[in-house]
Amino acid sequence: FHNPNTRRAEERCDALTRAAVVGRRVLDVGCGEGASSVRLLDMGAAYVLGVDISQTAIARAQARAQSGRLEFRLGDVTGELEGEFNCVFGRSILHHIDYRGVLPRLYAEHLVPGGTMLFMEPQGENLLIRLYTRLVLAAHTPDERSFIEGDLRWLRDHFPAIELHPVNYLSFPVAMLTSSLRLDPDNALLRVCDRAAEWL
């Protein structure tokens, strides 16, 4: 989680997010206990609505609420939502749901013209990620399905202006090895992986 390629991806994600949320209304899909919603507000959002399907998570998130600026609602994005937003944000949420039904509706009904949808999702084309998903069952829920080429093709077909920023194709498996050797995450091998991933 602290290797150079992950840090680069987090910095890129933060820059894209900040540009999309400053002074704007944001919908945080799958907000959990509200930490991501607070971060969006800290990045300059004018208003953030966090939505999650978990009653427990939303109950905890309510402690972070700020009237008129940061609100939380129990809700399922596969169902009905209210409101229009300049940015729809989600982190590791789409691969848990039938996103093909959800994204077009979020875009058409809840995103204002010129708005941005930003999501960070796992890419399942990496053979080691596929193996990890099958062998380390405790690391994910049964409904998870990392994105593969067919998913990316669907996204490109339905959202032609999409930008994809892959991360950790090489770093993920190498980081597993170097962490088992107790090497610092910013080691020479992972720096090479970072440069190679950027080139790829």
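The values are calculated or read from the model by the stated rules, or taken from the named source; none is laboratory data. Quick caveat, the model's predicted, so the values are computed rather than measured. Every residue, glycine as well, gets a Cβ built from its backbone with ideal geometry; the counts of neighbours run over all protein chains shown. What goes into the accessible areas is simple: the full protein's heavy atoms, side chains included, and nothing from ligands, DNA or RNA. Shrake-Rupley method; radii C 1.70, N 1.55, O 1.52, S 1.80 Å.
Some points to look at:
- Asp52 being out of contact with any Leu (no Cβ under 6 Å at 6 or more places or on another chain), crowded, with 21+ Cβ neighbours inside 10 Å and not β-branched (Val, Ile, Thr): yes
- Flag if His2 is touching a residue at least 40 places away in the same chain (Cβ under 8 Å), in contact with an Asp or Glu (Cβ under 6 Å, 6 or more places away or on another chain) and under 30 Å from Ala196 (Cβ atoms): no
- The sole residue among Ala108, Ala161 that is closer than 30 Å to Glu80 by Cα, out of contact with any Asp or Glu (no Cβ under 7 Å at 6 or more places or on another chain), open to solvent by 90 Å² or more (accessible area, probe 1.4 Å) and modelled with pLDDT of 90 or more is Ala161.
- Among the criteria (1) open to solvent by 40 Å² or more (accessible area, probe 1.4 Å); (2) at pLDDT 90 or above, the one Arg134 does not fulfil is (2).
- Within segment 1-21, restricting attention to residues that are closer than 30 Å to Leu189 by Cα and of a type in the set (A, V, I, L, M, F, W, C), the residue that is most open to solvent (accessible area, probe 1.4 Å) is Phe1.
- Residue pairs whose Cβ atoms lie under 7 Å apart, sitting 6 or more positions apart in sequence or on different chains, and linking a residue in segment 58-87 that is more than 12 Å from Ala35 (Cα to Cα) and among the hydroxyl-bearing types (Ser, Thr, Tyr) to a partner that is open to solvent by less than 30 Å² (accessible area, probe 1.4 Å) and at pLDDT below 95, are Thr78/Val102.
- Only residues that are assigned to a loop (DSSP other than H, G, I, E, B), open to solvent by 20 Å² or more (accessible area, probe 1.4 Å), in contact with a Lys or Arg (Cβ under 8 Å, 6 or more places away or on another chain) and not charged (D, E, K, R) were counted across segment 22-42, and they come to 1.
- Residue ID - surrounded by the fewest Cβ atoms within 10 Å (Cβ to Cβ), chosen from residues in segment 55-98 that are among the acidic types (Asp, Glu) and closer than 28 Å to Glu149 by Cα: Asp98
- Residue match in segment 116-126 (condition: open to solvent by 60 Å² or more (accessible area, probe 1.4 Å), acidic (Asp, Glu) and modelled with pLDDT of 80 or more): no
- Ala197 meets all of the listed conditions (1) touching a Lys or Arg at 6+ places or on another chain (Cβ under 9 Å); (2) farther than 14 Å from Ala9 by Cα but one, namely (2).
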